[in-house]
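These notes are about the structure you will find just below.
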Amino acid sequence: MKLSQLNKAWNEVGEDYCKGLINLEHCLQAAFYKSLRESLSEAQDIRIYVEPVIEYYDKGSPRYRPDIVVCEDKHITAIIEFKFAPNWYPDIGSDIKKFEALVEDEDQEKYYVERYPDTGKWKEPKYFTSSSTKYIIAVIGQEVSQATDINSIIKFFNLKESVKKRFYLLAVKMHGENQEPEILVESI
């Protein structure tokens, strides 16, 4: 997945929000899924999964359901979490901690994300994250929230270097009444 495809999908979602077409986090997730699938339509080997169960410790606990996982072959290329709080301050702290835990478990084929359509059972082989996996927060929130500014996220959450170099922020910043929201795609 190229950054230009991610950027195109997020800009379409931001425009939909500005038109009043997105009213809840689930709607945001669905709109992004559709836009990302369309921007990746040429890539036959890329798949998008919604809320697969990921166990990120060897003991099988805790479980984690990322909002969207993008895969190429058996490699998890992106994990995306959504936050929708246009009139408030989105909380992304637990998502950052999950990203950091997943980085510690990299390069192991251990995550089920695909099911057999006929039985619903998990499909082997398992998928894996690697040093090229992107960790993405997609947020709609107030401009004064640390969740809509990448530098504030880095400073406030003291992002580990292993996550920082692969962290992306997709944001729609709300600037106040009667002002146009700002649509951003940022990385470090």
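Among the numbered criteria (1) within 16 Å of the chain's Cα centre (by Cα); (2) more than 22 Å from Arg166 (Cα to Cα); (3) without any contact (Cβ under 8 Å) to a residue 60 or more places away in the chain, which one does Glu42 miss?
Going through the list (1) within 16 Å of the chain's Cα centre (by Cα); (2) more than 22 Å from Arg166 (Cα to Cα); (3) without any contact (Cβ under 8 Å) to a residue 60 or more places away in the chain, Glu42 breaks only (1).
Being touching a strand residue (DSSP E or B) at 6+ places or on another chain (Cβ under 6 Å), buried (at least 19 other Cβ atoms within 10 Å of the Cβ), among the β-branched types (Val, Ile, Thr) and modelled with pLDDT under 85 narrows it down to one residue among Ile150, Ile140; which is it? Can you show your working first?
Numbers: Ile140 fails: modelled with pLDDT under 85.
Step by step, each of Ile150, Ile140 is checked, and only Ile150 is touching a strand residue (DSSP E or B) at 6+ places or on another chain (Cβ under 6 Å), buried (at least 19 other Cβ atoms within 10 Å of the Cβ), among the β-branched types (Val, Ile, Thr) and modelled with pLDDT under 85.
Here's a check for you: in region 86-120, which residue that is among the hydroxyl-bearing types (Ser, Thr, Tyr) and over 17 Å from the mean Cα position of the chain (by Cα) is farthest from Glu177 (Cα to Cα)? Steps first, please.
Keep residues of region 86-120 that are among the hydroxyl-bearing types (Ser, Thr, Tyr), which gives 89, 94, 111-112, 116, 119.
Within this subset, residues satisfying the condition of being over 17 Å from the mean Cα position of the chain (by Cα) are 89, 112, 116, 119.
Details: Tyr89: 16, Tyr112: 44, Tyr116: 48, Thr119: 50 Å.
Here the residue is Thr119.
Counting just the residues of region 84-115 that are outside any loop (DSSP other than H, G, I, E, B) and among the hydroxyl-bearing types (Ser, Thr, Tyr), which one comes out nearest to Lys74 (Cα to Cα)?
Applying the first criterion (outside any loop (DSSP other than H, G, I, E, B)) to region 84-115 yields 84-85, 93-104, 111, 115.
In the following step, the residues that additionally are among the hydroxyl-bearing types (Ser, Thr, Tyr) were identified as 94, 111.
Numbers: Ser94: 26, Tyr111: 10 Å.
Among them, the one singled out is Tyr111.
Restricting attention to region 22-46, and to residues there that are aliphatic (A, V, I, L, M) and either loosely packed, with under 12 Cβ neighbours inside 10 Å or closer than 16 Å to Thr77 by Cβ (or both), which single residue is modelled with the lowest pLDDT?
Here the answer is Ala43.
Can you tell me which of (1) at pLDDT 85 or above; (2) surrounded by 21 or more Cβ atoms within 10 Å (Cβ to Cβ); (3) farther than 24 Å from Arg47 by Cβ; (4) among the polar types (S, T, N, Q) is the one Ser94 doesn't meet?
In the conditions (1) at pLDDT 85 or above; (2) surrounded by 21 or more Cβ atoms within 10 Å (Cβ to Cβ); (3) farther than 24 Å from Arg47 by Cβ; (4) among the polar types (S, T, N, Q), Ser94 misses (2) alone.
Of the residues Ser132, Ser145, which single one is of a type in the set (Gly, Ala, Ser) and surrounded by 14 or more Cβ atoms within 10 Å (Cβ to Cβ)? Working first, answer last.
Numbers: Ser132 fails: surrounded by 14 or more Cβ atoms within 10 Å (Cβ to Cβ).
The unique qualifying residue is Ser145.
Out of Ile68, Ile54, Ile76, which single residue is among the aliphatic types (A, V, I, L, M) and either within 18 Å of Leu170 (Cα to Cα) or at pLDDT 95 or above (or both)?
Values: Ile54 fails: either within 18 Å of Leu170 (Cα to Cα) or at pLDDT 95 or above (or both); Ile76 fails: either within 18 Å of Leu170 (Cα to Cα) or at pLDDT 95 or above (or both).
After applying the criteria, what remains is Ile68.
The values are calculated or read from the model by the stated rules, or taken from the named source; none is laboratory data. Everything quoted here is computed from the prediction, not taken from an experiment. FYI the Cβ positions are ideal-geometry reconstructions off the backbone, even for glycines, and counts take in every protein chain you see.
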